[in-house]
Every structure is written in structure tokens, then in C-alpha cells.
């Protein structure tokens, strides 16, 4: 009876592994460290966001107010996009947008995004 349960559980685990294609991932020590870092960053951002939510809300509302004042031409805000891209390390892409570049990075690094999201949820929960 015990032998049938271990075979059933082993079959169940291998079925999940094959459906999720987990065995295709080759985790090196560097990749595991990177996953842990994204998990930690997600936790830190979630914790800080929950702990200082009033401050974050004030900053968001202030930025929204500045944007609305700029749209109604009460104030004039000028951003030098070339210097901003150089500061952020974003190269200019002639044929595609920044969103498509981020989307392609997200598809290539889904494991890192999932670990960040899990860390973020844990940080929100514990914050």
C-alpha cells in the first residue's frame, strides 16, 4: 500500500514538472542568487510600501497634481528625455518602444518576475 502511494505521488510530481516545464530550467548558483535577490527586493518594496503608504500616497498625489497643472498650462515642466535615458541607461530604440523592450525582458525572465512578485506579496502581508 505504501509503495502505491509513493508511485502515485511521484507520478503526480513528475506530471506537474512536465506540465510546467520545470525540468527545462537549469538553475546555476548565480541564477539562484539572482532569484533570491529579486525575492528580497520584492519583499523590501512591499514592506516599505505598506509601512509608508501615507507618504507614498502623498508623493503620488503631488506628482498627479503637477501633471494636471502642466496639462492645464498653469505651470510648464520640461524634461530632457535624452539626458533622462542616459541617466537610466535606456538606449534609444528607433523601431520599437520602451514598453516592448520591457515586455521582451519580462518574457525572458519570468522566474525573476515571479520571485519579485512573491516577495512583494509577502512584504505587503507582513508590513
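Exactly one residue out of 32, 68, 64 is within 17 Å of residue 111 (Cβ to Cβ) and either at pLDDT below 70 or out of contact with any helix residue (DSSP H, G or I) (no Cβ under 9 Å at 6 or more places or on another chain) (or both): that is 32.
Among the candidates 65, 127, which residue alone is surrounded by 10 or more Cβ atoms within 10 Å (Cβ to Cβ) and within 21 Å of the chain's Cα centre (by Cα)? The conditions single out 127. Filtering 25, 41, 55, 87 for residues that are within 30 Å of residue 114 (Cβ to Cβ) and at pLDDT 95 or above leaves a single hit, 41.
You will find that of 98, 122, the residue that is surrounded by 14 or more Cβ atoms within 10 Å (Cβ to Cβ) and under 16 Å from the mean Cα position of the chain (by Cα) is 122 and no other.
Filtering 85, 51 for residues that are within 18 Å of residue 120 (Cα to Cα), surrounded by 11 or more Cβ atoms within 10 Å (Cβ to Cβ) and over 18 Å from the mean Cα position of the chain (by Cα) leaves a single hit, 51.
Is it the case that the stretch 86-106 has a residue that's under 30 Å from residue 32 (Cβ atoms), touching a residue at least 40 places away in the same chain (Cβ under 8 Å) and in contact with a helix residue (DSSP H, G or I) (Cβ under 7 Å, 6 or more places away or on another chain)? Break it down into steps so the answer makes sense when it comes.
The first filter runs over the stretch 86-106 and keeps only residues under 30 Å from residue 32 (Cβ atoms), leaving 88-91, 98-106.
Keeping just the survivors that are touching a residue at least 40 places away in the same chain (Cβ under 8 Å) gives none.
Among the residues of the stretch 86-106, not one is under 30 Å from residue 32 (Cβ atoms), touching a residue at least 40 places away in the same chain (Cβ under 8 Å) and in contact with a helix residue (DSSP H, G or I) (Cβ under 7 Å, 6 or more places away or on another chain), which makes the answer no.
The values are calculated or read from the model by the stated rules, or taken from the named source; none is laboratory data. Quick caveat, the model's predicted, so the values are computed rather than measured. Reconstructed Cβ throughout: ideal geometry from the backbone, glycine too, with neighbour counts over all protein chains shown.
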